[in-house]
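Undergrad: First the structure, then my questions, so here it is.
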């Protein structure tokens, strides 16, 4: 009989709280959206499963005990979280290596002014930074520190790896929640951005057809990432883990002489790291961390940063059009929203919204330029925050 | 609200925006540099040169054929 009581006491069923049940339902919703609605399945499916597993009681799967003599005291997700993110923070740079090997700088080199759109979309980050600082004015809330405000604001870049990188460096206590919020918003750009883009543009603007980008030689595609890597890292050395890995991956690809390495970093390595990262950050969404005012504020401020990034990207494209006299050189303002660095989702959204007005308008190659610039932009801003704040 | 925090946040924002502006300018310079060096024969690979030569030859042949068909 005591054995039976012992087993009953150690069952998760007798320990599950209503908050954990709600979080498990959220996980199931993510899984449903990924499988049935095909909404960003590569992110939502592992995150959803991670949320479910991380909120099951008594599993110990997210625990990490560095000082324990018993090796089995740590759970698999706890170990991946500690070494991959909180302690060594190696997973985000590895993702950037893979992303670099998949990136084409051709559209950016052929149309350098689109770099400014990537920069304009980062303005949302700075406004959200100030909003987070001002959160201490909310009655009963002590406010976020400067480091925490910087991490929350970088969510506006809709760039998961950069958010994780910055959080791990300057505010590790927010790592789990900011990572999940960033990845969730990355997955939801298809829902968040289009209404803003349509609201800020006229039909005629959405119909603008941009000149096809000229072919860029291989030499230029190798020289640019090499020069950009040297210059950016010399100016902001703290951005090196992200920028160096991104450019190395890209030079692998453009050199054309190491196809096996290019294939490995852009397929096997990227898939492996993404799998571990997504499950781990999903499991960090524990019920006890979510049901707090702080978390609600992070969700709201992150959304605000992303919305503002989209707004400034589109408005800046419209502003640039005022100064471009030749009609054939005009920019379709829809590509401005791709300045947020959710690659390649944001560029795909620009293309899709453009095609709703004109099915023969191919904006994707043009939108990739500000999208890539946005990735570099948010990585540089993260590096700047690390160098100033830490 | 602590005015020290406001001053620190303002200083961080200004510094970050200045550095970001500097980085953007540098990136534009590196695009110019890539375009400039990419057009120099020294930096182009043999494969690229032969590809360009083949392209130029193909254009020349097309022009010649066009002239043969349409004599003035």
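The values are calculated or read from the model by the stated rules, or taken from the named source; none is laboratory data. None of these values were measured; they are calculated from a predicted model. Here Cβ is always computed from backbone atoms with ideal geometry, including for glycine, and neighbour counts include all displayed protein chains.
Undergrad: Mind checking which helices (runs of 4 or more DSSP H) fall wholly inside the range A:227-286 and carry at least 3 residues that are touching a residue at least 24 places away in the same chain (Cβ under 8 Å) and either in contact with a strand residue (DSSP E or B) (Cβ under 8 Å, 6 or more places away or on another chain) or more than 11 Å from every other protein chain (Cβ to nearest Cβ) (or both)?
TA: A:240-255, A:270-283
Undergrad: I need the helices (runs of 4 or more DSSP H) fully contained in the range A:130-224, keeping only those with at least 2 residues that are within 24 Å of residue A:286 (Cα to Cα), more than 14 Å from chain B (Cβ to nearest Cβ) and touching a helix residue (DSSP H, G or I) at 6+ places or on another chain (Cβ under 6 Å).
TA: So the answer is A:160-170, A:175-187.
Undergrad: Name the single residue, out of those in the range A:319-343 being part of a loop (DSSP other than H, G, I, E, B) and within 15 Å of residue A:121 (Cβ to Cβ), that is modelled with the highest pLDDT.
TA: Per the stated criteria, the residue is A:331.
Undergrad: Find the residue count for the range A:86-124, including only residues that are more than 14 Å from chain B (Cβ to nearest Cβ), in a helix (DSSP H, G or I) and without any contact (Cβ under 8 Å) to a residue 12 or more places away in the chain.
TA: 1
Undergrad: Hey, among A:22, A:39, which residue is touching a helix residue (DSSP H, G or I) at 6+ places or on another chain (Cβ under 9 Å) and closer than 19 Å to residue A:290 by Cα?
TA: Going through A:22, A:39 in turn, the sole match is A:22.
Undergrad: Another question, if that's okay. As an exercise: evaluate residue A:352 against (1) more than 14 Å from chain B (Cβ to nearest Cβ); (2) touching a residue at least 24 places away in the same chain (Cβ under 8 Å); (3) buried (at least 18 other Cβ atoms within 10 Å of the Cβ); (4) part of a helix (DSSP H, G or I) and give the number of the one condition it does not meet.
TA: (3)
Undergrad: Condition first: more than 21 Å from the chain's Cα centre (by Cα), in contact (Cβ under 8 Å) with a residue 60 or more places away in the chain and surrounded by fewer than 21 Cβ atoms within 10 Å (Cβ to Cβ). Now tell me which residues in the range A:357-388 satisfy that. Don't jump to the end; show me each part of the working.
TA: Start the filter on the range A:357-388 by keeping residues that are more than 21 Å from the chain's Cα centre (by Cα), which leaves A:357-363, A:388.
Imposing the further condition that a residue be in contact (Cβ under 8 Å) with a residue 60 or more places away in the chain reduces the set to A:357-358, A:361, A:363.
Of everything in the range A:357-388, those that are more than 21 Å from the chain's Cα centre (by Cα), in contact (Cβ under 8 Å) with a residue 60 or more places away in the chain and surrounded by fewer than 21 Cβ atoms within 10 Å (Cβ to Cβ) turn out to be A:357, A:358, A:361.
Undergrad: Can you list residue pairs whose Cβ atoms sit under 7 Å apart, with the first residue in the range A:12-26 being without any contact (Cβ under 8 Å) to a residue 24 or more places away in the chain and the second being surrounded by 13 or more Cβ atoms within 10 Å (Cβ to Cβ)? Count only pairs 6 or more apart in sequence or on different chains.
TA: Hits for this filter: zero, empty list.
Undergrad: For the range A:85-101, name all the residues that are farther than 30 Å from residue A:256 by Cα and buried (at least 21 other Cβ atoms within 10 Å of the Cβ).
TA: Taking the range A:85-101 first, the residues farther than 30 Å from residue A:256 by Cα are A:85-88.
Listed by number, the list holds a single entry, A:85.
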